[in-house]
1. For the residue pair B:Asp215 and B:Thr129, what label-to-label distance in nm results when each label sits 7 Å from Cα along the Cα-to-beta-carbon direction?
2. Just to be sure I understand: of the beta bridges DSSP finds with both ends in chain A, what percent are antiparallel, rounded to 5?
3. Rounded to the nearest 20 debye, what is the charge dipole size of the range A:12-250 about its Cα centre when +1 sits on each Lys and Arg Cβ and -1 on each Asp and Glu Cβ?
4. Which far-off residues, 5 or more places away or on another chain, put their amide H under 5 Å from the one on A:Val111, with H placed in the peptide plane?
5. R0 = 25 Å: FRET efficiency of A:Arg264 with B:Gln307, Cβ-based, nearest 0.05?
6. Within 10 Å of each Cβ in peptide A:356-362, how many partner chain Cβ atoms are there on average? Round it to a whole number, please.
7. With a/c under 1.5 counting as rounded, go ahead and sort the range A:87-130 into rounded, prolate or oblate using the C-alpha gyration tensor (a ≥ b ≥ c being the square roots of the eigenvalues; past the cut-off, prolate if a/b is larger than b/c, else oblate).
8. Under a point spin-label approximation (7 Å from Cα along Cα-to-Cβ), what is the A:Ala485-A:Tyr523 distance to one decimal in nm?
There are 2 protein chains.
Amino acid sequence: MSETWSSELTPLSFLQRSGEVFAEHPAVVYGDEVRTYREFAAQVQQRARALRAAGVRPGDRVAYLMPNVPEMLAAHFAVPLAGAVLVAINTRLAPEEVRYILDHSGAGVLVLDAAYAGTVAPVARSLTTVRTIAVAVDPLGPAPAVEVPGAVSFDDLLAGAVREPAEPAWAVDDEWAPISINYTSGTTGRPKGVVYTHRGAYLNSFGEIVHSAHDAGSVYLWTLPMFHCNGWCTTWALAAVGGTHVCLREVRGDRVWELIDRHRVTHLNGAPTVLTTIMRADRAHPLDRPLVVTTAGAPPSPTTILQMEQLGFRIVHVYGLTETYGPYTVNQHQVAWDRLGAEERAALQARQGVGMLQAERVRVVDEDMNDVPADGTTVGEIVMRGNNVMQGYFRDPEGTATAFAGGWFHSGDLGVMHPDGYVELRDRAKDVIISGGENISTIEIEHAVASHPDVLEVAVIGVPDPTWGERPKAFVVVEPGTAPAEEELLEHVRSRIARYKAPREVEFVTALPKTSTGKVQKYELREKEWSGEATRIRG
Amino acid sequence: MSETWSSELTPLSFLQRSGEVFAEHPAVVYGDEVRTYREFAAQVQQRARALRAAGVRPGDRVAYLMPNVPEMLAAHFAVPLAGAVLVAINTRLAPEEVRYILDHSGAGVLVLDAAYAGTVAPVARSLTTVRTIAVAVDPLGPAPAVEVPGAVSFDDLLAGAVREPAEPAWAVDDEWAPISINYTSGTTGRPKGVVYTHRGAYLNSFGEIVHSAHDAGSVYLWTLPMFHCNGWCTTWALAAVGGTHVCLREVRGDRVWELIDRHRVTHLNGAPTVLTTIMRADRAHPLDRPLVVTTAGAPPSPTTILQMEQLGFRIVHVYGLTETYGPYTVNQHQVAWDRLGAEERAALQARQGVGMLQAERVRVVDEDMNDVPADGTTVGEIVMRGNNVMQGYFRDPEGTATAFAGGWFHSGDLGVMHPDGYVELRDRAKDVIISGGENISTIEIEHAVASHPDVLEVAVIGVPDPTWGERPKAFVVVEPGTAPAEEELLEHVRSRIARYKAPREVEFVTALPKTSTGKVQKYELREKEWSGEATRIRG
């Protein structure tokens, strides 16, 4: 519906505007290359036309497998501009996982960076819906290590734009139409496709702008993967205010500092692991200006917060899930905290906080959906709703209904409500580990471990890790008469799932702790591994 | 519609959130009184309940006639919280004009500050829909000069809240429902009721936040009347970020400076007249921090801009109409301008600019709705559309259809499009004068002048004024054989319409310039009065 007095909300309008208003302002910086907003908008138009020429029709899914390069950023506008839905795939996944996502999403086109030719090549012939695979060779990245069967070059795909001369409008007919599907590890071991809408992406962009304090002077370094919740909508938010995107292929500490210094970076986002990487880099040094670091999940340790603040970083602590477009709550800073001691203040800053401006209130509820007392001790499940909750899981009405039971999205995270209305995470109800910012399903790992012939029983839990927050650890009971080596078992697992998901450690045990009905009591395993820690999770 | 994945957009959510998140943060400062957001939200709840107890039902109109006091601010939340529609009436109107607005809007309740008892008393008995009139006596304001027939005290109205103990929810069933009706002088001489929606108010609030750079540290001085487009939506926007409202009854230069200094004001809005008032005050002095002044319509002169910038003010120049929730375009600052000389830069800053972030593009069109060339010289009409265009004129489908002809809102303002996409005003198509930030219909003045028995013919135009931007001037042809005195004529006019609308000057002429068909050529009158000026309007 579009009337004189209404327009459908879409982040496409952000780039239309900045392409005109910030025409000469740098939009994307990559290596020595700088693209203005006028150039960036024109490139996006060209890519949208090329996708249409490749047969992409409204509502179709278009998948991208790329690091944080300009082409990946362009896809966030070009795919919806073509009327299609972006599926940005985690680059760390194994071939079988990528195949599943491509088939499940029903993507017709896959664009990949040459670095991931090895991921796609083994499954290229068996994809059920992809009819066009295009390989982009980035001058700053590697050449394809192997040939992807049936693939064309991205340049060839792009050349098709001439056959589609009409420029698509920077608008949508329906703000509730999907703009992207982000696959996330669930508890079942199969990734779920989280559907974002144009309206949700638009409103969350405003939230990011307000809470991370973005404006046309923002110089944003892409340390957060764009395939994580579309970079928490910052792909779109930054274009809204005319800020500058600084792209990079890999998050290495010294490279990050080189870019911070060279481009006078003002903002970056990332999991606590990224902060640790930045702090530990040899080039780390005090800043001559504030740099806003928005970080999600459990916060870095009070020591890290303090160290970073001393260097000139300003930490904005947010919390959310793929299902909430990334951040849903923010640890809104209170002026009164400035009068507290460092330790006490850090403890308050470690809370996940309150619903963001564009979000509704966050709740902590018991099993009957009643709010738990706001006493800072009663544990309940964190639930959310409203414009920054996903529309549902793609092609999974049952999973959607379960997640939305009672009219609220169930995060699966357990937490407490403090008397001041700030939520704090305590544990996860779902069998999910978050390691270096990546969700990992313990059940998925268990299936991979159990597929080894010598394994009788297995239980996987997350254990604390100083670098990654958590890492998976497997407790294994072997078949009588066998004695598999730890390394052999891990190699077997790595051949089946992404390497980062494999346990970092295996403990062989004679039996797993179980309930009287035979259910494995992971709780007991966790208690032992986390003794001495205040919570049972880390971000 | 409210689903797990959607919530209706409404500014009510802003105060709900700030009432919790910024509970101890100052929300409203007035005289020596400070109310926190927790207190302010509670007061708003009480007022909403009182309105319900007074019989206010969903969709009803509730009128307020008040200066920029805390009670007026509270009304911006309390009235919609009660499910009703706020009609904030210009305090400078004459009794007959107020009566027309109350009757036309069908308001059931009128709340007025005691200072305006004299305005309401003469018409109180003849109102067709108002059943409750409540007079609020502000401790910092005057006692009622006259009694308003049938009125109760605001305290009595408020006391009714106990009869309605249920707290209304900070939510709406439909984001397209009206939140307010703002009456504006049109060309016809009768005020038109401009309907704002919850969604429009919500989105425009985000626009204000981004373009005026508001955050929780904002200390906003209420120099812009709240009855002007609900204070350009800043009533709502500031509550979104948890900023502090500083209220005041009258905009006097020294009082403004006293408040700027005392409360360390960071932001204020106003017509160029307000800026002039501030600059000319005895207490004017350099600021030790930036203060953002958002000003609308034609900008202050380059000299004023320069002087204000030297004192530490940062000018944000915006343009819009009552029909566009206040600002629709913004003179988005370009980094490249900083390298220009002061004069050249001031000329660029004087342009009305580009559509704001939440707005669509602004267009300049010819009579067939084609865009005029972006050459900076071809004049066309400025048209707008989208989420920050009013839903329509209340109870005026014909006027709405005319204003929305061709699917765009016709501003009635004439302008040019520059090659860089910035719009610049040149003239007004409609017979409207903007004097000290107030719209005045020339036709309305002409009717008042012509009602004098000695007047044969009259034409009113706006002429340049160093303080008010423009002021109305009347050209009068008298009845043969009569010779009315200028002062007598003006006194006659002032008895019929608000004093600020009366011509500041009358020129008696023997004949008015006319076309061959007998239509008065105001253009010729304007050419003479505006010779030497670059444009034919001033803000």
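The values are calculated or read from the model by the stated rules, or taken from the named source; none is laboratory data. Note that the structure is a prediction, hence the values are computed from the model and not measured. For neighbour counting, all protein chains shown are included, and Cβ atoms are generated from backbone atoms with ideal geometry for every residue, glycine included. SASA here: full protein model, heavy atoms, side chains in, ligands and nucleic acids out. Shrake-Rupley method; radii C 1.70, N 1.55, O 1.52, S 1.80 Å.
1. About 4.4 nm separates the two model spin labels.
2. In chain A, DSSP labels about 55 percent of beta bridges as antiparallel.
3. Values: 17 positive and 23 negative charges, 119 e Å.
Dipole size: approximately 580 debye.
4. A:Ala63, A:Tyr64, A:Leu65, A:Ala134
5. Calculated transfer efficiency: 0.20.
6. Working: counts 2, 11, 6, 3, 6, 6, 0.
Mean partner shielding for this stretch: 5.
7. Working: a/c = 1.43, a/b = 1.31, b/c = 1.09.
Rounded is the answer for the range A:87-130, as its axis ratio a/c remains below 1.5.
8. About 3.9 nm separates the two model spin labels.
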